[in-house]
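Asks: This is the structure I have questions about; it appears just below.
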Amino acid sequence: MRKRIISILQVSLTVIFIFMFTGCTSLFAEDTRPNFLVIMTDDQRYDTMQYMPKTLELIFDQGVTFPHAYVTTPLCCPSRSSIFTGMYARNHGVLDNSYELEKKTMIDHLHENGYTTGLVGKYLNSWNGEPRPEFDYWVSFQYGETRYNNPRLNVNGEWSRHEKEYITYALGKYAMEFIDEAAPKRKPFILMWTVNAPHDPSVPATEDKYLPLELPPRLPSFNEADISDKPAWMADEEKNPLLGESEIEEIDTFRRNQILTLYSLDRTLEQVINKLSETGEMDNTVIIFLSDNGRHWGEHRQIAKNTVYEETTHVPFAIRYPPLVNQPYIENAVIANIDIAPTIYELAGIPIPAEVDGKSLVGLLTQTDDWREGVLLEGWPPRGTYIAIHTERYVYAETTNDGYAPEGTVQMELYDLEIDPYQMENVANKPEYQDILVHLQTLLNEEKSKSEVTP
């Protein structure tokens, strides 16, 4: 009996040594697929990156910058759902901030395919802040309880008030903790670092609150005098009057505070990026930076988001990943938030699900794929449903269900961004633009036909 036990042990040890030294199993092999760090700001306009010099230096100036990057539905919950799924809102079904996302996400697929997964920050407005099973590491908050000072956070299932902490610094601390824990493992990771800056109430860190700040110049479309060429809900002078002095003062205070919250984020982002270097993961990590949407600062007399205009749809966007982008450059193709998931799938070696609407940026960056001419923009605000096609030069939009227009009316807008970057003149009815109008209508219908589901 003793000889038999010794024999079994000898065989077992022999098998283990064979596995270790011949590579016949992946049990001891290191997974060399890339990591992913997706950094998502909240309500950050595309024209505010100059206030984040460290972010520009560490990400934008080290990779590829996309000056024509858009979010397909410029509202927090729909946009984030499009990032997680790679789908237009008409397909994933999250039409506004109250909807829950019921589709399978890229995090589910990555988790099932061996990735360590983490979220630090905001998930969706409709989520209660509790951990989700597809995430191995979780730090979040309940929407509606968002505060910049003394935040209440759920850290891996435990709620606690972080007294005397500023939320950007707290979220940065947990992002670095995740990297420290994930880096030594024999498998890759993805971290969604989804900070709440510069979303309202936009409270700057104490050390930044009284810093001198020269506000950016107001755009020519600020408090636009003539809005008669806009959709009826917007052109109605009673519903959308000129901004008064007190409103303008509130906007200036708000945009100052929004910008100041980016200062602390910029400093914290540098620490998180340095943590990748310290752990030896920098060159094997795909870093993606973007905002979930922008918002108006009084352009066209608007102070909200979820419109077809540049101030809400156009976002900062850059990717740093040396194996794919070995020299920094600017890519002028039209890209969107729906392209993030398919890009991650391809780089992770996971088949792109058939329901994905976006395109992997790998083909664009390696010049191995014909790229799109335009991307769909869509929204369902109470003031009127809009759908649009955005190319590098033109935006063509159709608004329906506008309570200020006759029932069944389709209101058309066409803007030539090369001549009119601030979308002040709707040229949809101008004779010289009719051929372009027809072409854009065809593009719009092609994008709409990708889904038979019309909300």
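The values are calculated or read from the model by the stated rules, or taken from the named source; none is laboratory data. Please read these numbers as outputs of a predicted model, since none were measured by experiment. Virtual Cβ from ideal backbone geometry, glycine too; neighbours counted across all protein chains shown. Please note that ligands, DNA and RNA were not included when accessible areas were found on the heavy atoms of the full protein model with its side chains. Shrake-Rupley method; radii C 1.70, N 1.55, O 1.52, S 1.80 Å.
Asks: Normalised by the number of residues in the range 227-381, what is the relative contact order in percent for Cα pairs under 8 Å and 6+ residues apart?
Replies: Numbers: 133 pairs, mean separation 25.2, N = 155.
Relative contact order for the range 227-381 comes out at 16 percent.
Asks: Related question: Taking 0.36 nm per residue of separation and subtracting the Cα-Cα distance, what length does fully extending Asp226 through Arg393 add?
Replies: Taking Asp226 through Arg393 to full extension adds about 57.8 nm, to one decimal.
Asks: Could I ask something else about it? What is the spin-label model distance, in nm, from Lys54 to Asp370 if the labels are put 7 Å beyond Cα along the C-beta direction?
Replies: 4.5 nm
Asks: Please compute the volume of the convex hull spanned by the alpha-carbon atoms of the chain and report it per residue in Å³. Can you show the working numbers first?
Replies: On the way: hull volume 79.7 nm³, N = 455.
With only Cα atoms used, the chain gives 175 Å³ per residue.
Asks: Over the range 121-201, what number does the Rg to Rh ratio reach, with both radii from the alpha-carbon atoms and Rh per Kirkwood? Please report the intermediate quantities before stating the final value.
Replies: Details: Rg = 12.6 Å, Rh = 13.1 Å.
Result: Rg/Rh = 0.96.
Asks: Another question about this same structure. Of the peptides 263-271, 323-331, 75-83, 435-443, how do they stack up when ordered by the mean number of other Cβ atoms within 10 Å, highest first? Numbers along the way, then the final one.
Replies: Details: 263-271: 20.9, 323-331: 12.9, 75-83: 27.2, 435-443: 15.4.
Sorting 263-271, 323-331, 75-83, 435-443 by mean packing, highest first, produces 75-83, 263-271, 435-443, 323-331.
Asks: Still on this structure, please answer the following. Efficiency by 1/(1 + (r/R0)^6): what FRET value for Glu407 and Asn326, r their Cβ-Cβ distance, R0 = 60 Å, to the nearest 0.05? Present the calculation step by step, with values, prior to reporting the outcome.
Replies: On the way: r = 56 Å, r/R0 = 0.94.
The formula returns an efficiency of 0.60 here.
Asks: Then there is this: Apply 1/(1 + (r/R0)^6) to the Cβ-Cβ distance of Arg132 and Leu242, taking R0 = 30 Å, and write down the FRET efficiency to the nearest 0.05.
Replies: Details: r = 45 Å, r/R0 = 1.51.
It comes out at approximately 0.10.
Asks: For the range 272-301 and the range 144-193, what is the separation of their C-alpha centers, rounded to whole Å?
Replies: The distance from the Cα centre of the range 272-301 to that of the range 144-193 comes to 16 Å.
Asks: When ligands, DNA and RNA are left out and all protein chains stay put, how many square angstrom of accessible area per residue does the range 252-369 have with a 1.4 Å probe?
Replies: On the way: 3620 Å² over 118 residues.
Accessible surface, normalised per residue, equals 31 Å².
Asks: Report the extension gain between Lys164 and Ala304 in nm, rounded to one decimal, defined as 0.36 nm multiplied by the number of residues separating them, less their alpha carbon distance.
Replies: 47.3 nm
Asks: Please compare each pair in Lys122/Lys450; Lys173/Lys305; Lys230/Lys430; Lys187/Lys359; Lys103/Lys450 to a cut-off of 22 Å on the Cα-Cα distance and tell me which ones are over it.
Replies: Numbers: Lys122/Lys450 30 Å; Lys173/Lys305 30 Å; Lys230/Lys430 15 Å; Lys187/Lys359 26 Å; Lys103/Lys450 17 Å.
Beyond 22 Å between Cα atoms: Lys122/Lys450; Lys173/Lys305; Lys187/Lys359.
Asks: Run a plain Debye calculation on the range 294-401 (Cα atoms as equal point scatterers, no solvent) and give log10 I(q)/I(0) at q = 0.16 Å⁻¹, rounded to two decimals, same order as the q list.
Replies: Reported log10 I(q)/I(0), two decimals: -0.85.
Asks: Hey, another quick one. Post the alpha-carbon centroid distance, the range 305-350 to the range 82-110, in whole angstrom.
Replies: 17 Å
Asks: For the range 188-261, what % of the accessible area comes from carbon and sulfur atoms, probe 1.4 Å? Spell out each step's value before the answer.
Replies: On the way: 1810 of 3490 Å².
Using a 1.4 Å probe with all protein chains present, the range 188-261 comes out at 52 percent carbon and sulfur.
Asks: Can you pull the percent of the range 106-182's accessible area that's carbon plus sulfur, 1.4 Å probe, other chains left in place? Spell out each step's value before the answer.
Replies: Numbers: 1280 of 2970 Å².
About 43 percent, which is the carbon plus sulfur part of the accessible surface.
Asks: Let me ask another. Cα axis of helix 245-278 to longest principal axis of the chain: angle in degrees, 0 to 90, nearest 10?
Replies: 20 degrees
Asks: What is the gain in length, in nm to one decimal, between Arg186 and Ser277 on full extension, counting 0.36 nm per residue of separation less the C-alpha to C-alpha distance? If you can, show how the numbers build up before the last one.
Replies: Values: separation 91, 0.36 × 91 = 32.76 nm, distance 1.74 nm.
The span from Arg186 to Ser277 would gain 31.0 nm if fully extended.
Asks: Further, regarding this structure: By per-residue mean of other Cβ atoms within 10 Å, what is the highest-first order of 301-309, 156-164, 405-413? Walk me through the intermediate numbers first.
Replies: Values: 301-309: 21.4, 156-164: 10.6, 405-413: 13.6.
The peptides rank, most packed first, as 301-309, 405-413, 156-164.
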